[in-house]
């Protein structure tokens, strides 16, 4: 195979005395070479070469071979020093005497060039993409909430299966009618990097303009992409049935729960999170939370007795009470999923309407007119709270992995 220099047009031939050199095996040195040669577009350097004209004379070690058997002469072989660094074109760096007889020596020029390439590399490193973090689980967790790149990739591939059935609608936030169908793959960013951007926006709440700089796209593109991916992902995950059957609940019922509350089907709690103040006065009123002292949407989450998320409600305004949410009826309500004889475990803020006589709500006892709880009531409270704590621990996990998929659900859109 003919050797060719990656930085110029030189090729290996018999009449030329130019030597060609491999890239170092150290990845950091490889990056330094590519930066100096302005060839950061090269990903695989295993078969790439750099010719000798890109190195200073001081970069070589001259080794003498043994004398040939039938010759008195010996051959000299050029070998690069371990710390040798190339330049884009060393042959163009000449010393020119001006009228003032000012000389620019090679060392000064080399230092200036090194500073320039360092600044250029810093600019390049400012951008991010998923390929950069494939072996960096710490930053994958920081940016996306997934524990590792392997899990991130697994979720992405589950969504990727739906590509043939769903089209991303790149939609204007101001005018939803202004949209055009565009395949996920038909974009400057790869589909995986689009999903990465989407997860950063949701996990870190990173500003859209900041994401535009990171991914080298416009802010309006980031905005449309986040909205489009939210709709696409929601259309996929909302079709997944999280609600287990009564037999499945019984088979996985923990021993202590089986002993104290064998008919508990679901453990529930409400959560809410801060949002920007809506412009509409009625929406401001509907989303105002006295508990959080800000505007929030509120949702109900349910888990099985062994701690698996089994129910995620639509989102309602922060002014909606826990009692009102649990008593909601309709196709997406918790009440519609429960069967005769099922028990619901909750805290004191929940209560069921009298019409739901086929269901039982288990919660810690109230003081009523007592000065303090009876010993039996204290014991009951401790047992309930010990089981309920799982749903509270699950909140943060559920919020980042599940809640954002329901942010653009219909009830929330009507409120805001």
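Read-outs: derived from the displayed coordinates by stated rules, not from any lab. Note that the structure is predicted; figures quoted are calculated from it, not measured. Please note: Cβ atoms are built from the backbone with ideal geometry, for glycine as well, and neighbour counts cover all protein chains shown.
Fewest first, what order do 22, 36 take by the number of other Cβ atoms within 10 Å?
22, 36
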Kirkwood Rh for the stretch 9-60 from C-alpha pairs, in Å, is 12.1 Å
So residue 293 and residue 116, fully extended at 0.36 nm per residue minus their Cα-Cα distance, gain in nm 58.6 nm
Fewest to most Cβ atoms within 10 Å: 127, 148 sort as 127, 148
Rounded to one decimal in nm, the spacing of the 7 Å Cα→Cβ label points at residue 83 and residue 246 is 7.8 nm
Counted neighbours (other Cβ, 10 Å), sorted fewest up, put 287, 117 in the order 117, 287
Stretched fully, the stretch from residue 260 through residue 157 gains (0.36 nm per residue minus C-alpha distance, one decimal, in nm) 32.9 nm
